[in-house]
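Every number in this text was worked out from the coordinates using simple rules, so none of it is lab data. Since the model is a prediction, treat every value here as computed from it, not as a measurement. Cβ: placed from backbone, ideal geometry, glycine included. Neighbour counts: every protein chain shown.
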Amino acid sequence: MKILLADDHPMVRDGMKSVLRKLDDHVAILDAQDYPGAFELASQHPDLDLVLLDLYMPGMPGVDGVRQFRQRFPAMALVVMSAADEPEDIQRIMAYGALGYITKSSTSQLILSALRLVIAGGVYTPTPNLAERKGAGKERVDPNQKLAALTERQVSVLRELLSGKSNLQIAEKLHVTEGTVKIHLTSIYRILKVTNRTEALLAAQRMGIR
């Protein structure tokens, strides 16, 4: 099985690769970090079994990028991933011919189920307002409130995290010790109500941090 995975955040790609390898015993994964790279790889590998595109990547506006990809490669099984779960976005993407729309807040089990459905010839569309129902009965905090709770230094650490840097690389970039970076990350996880780097990365995307 050959899959093209396109996302502009290295940590998201790494996390998704771990999930995708569970689809089959033999999975070849090609990755791109923007729309031009995705187009080039799709042209070079017409035998792709599945294409996963992040909705918002460098190169062109998100929805327009999906539309152009579908026009250029109509026979490829295309699934769109996004941190956004707005019904309007989902409807537009599906109308362009995508076979699935997966929100990045989905569990790995749900992602695998959705991709297996698409690979088997089906179509996967998330249930509207799924994220709200998952949070029923729990304290919900607006992303803007979480962003306001972060210090300027913590936001800087998140930005470096989004670029795929290790703790040591972040420390060198911000001229602090690696231990200080770990302390910042611990505080960030607490404020964002997450437990690891990948979850923090997705939360940062939802808050619009770039």
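Kindly provide the set of residues from the range 44-54 that are touching a Leu at 6+ places or on another chain (Cβ under 8 Å) and outside any strand (DSSP E or B), ordered by number.
Hits for the range 44-54 are H45, L48.
Are any of the residues in the range 46-53 at negative phi and under 12 Å from the mean Cα position of the chain (by Cα)?
Checked against the condition, which is being at negative phi and under 12 Å from the mean Cα position of the chain (by Cα), the range 46-53 yields at least one hit.
Identify the residue in the range 85-108 that is in contact (Cβ under 8 Å) with a residue 60 or more places away in the chain and assigned to a loop (DSSP other than H, G, I, E, B) and, among all such residues, is farthest from the chain's Cα centre (by Cα).
Checking each candidate, the answer is S105.
Give the residue that is surrounded by the fewest Cβ atoms within 10 Å (Cβ to Cβ), with candidates limited to residues of the range 55-76 that are within 18 Å of the chain's Cα centre (by Cα) and part of a loop (DSSP other than H, G, I, E, B).
The residue in question is P58.
Go through the range 180-200 and report how many residues are assigned to a loop (DSSP other than H, G, I, E, B) and of a type in the set (A, V, I, L, M, F, W, C).
The qualifying residues number 1.
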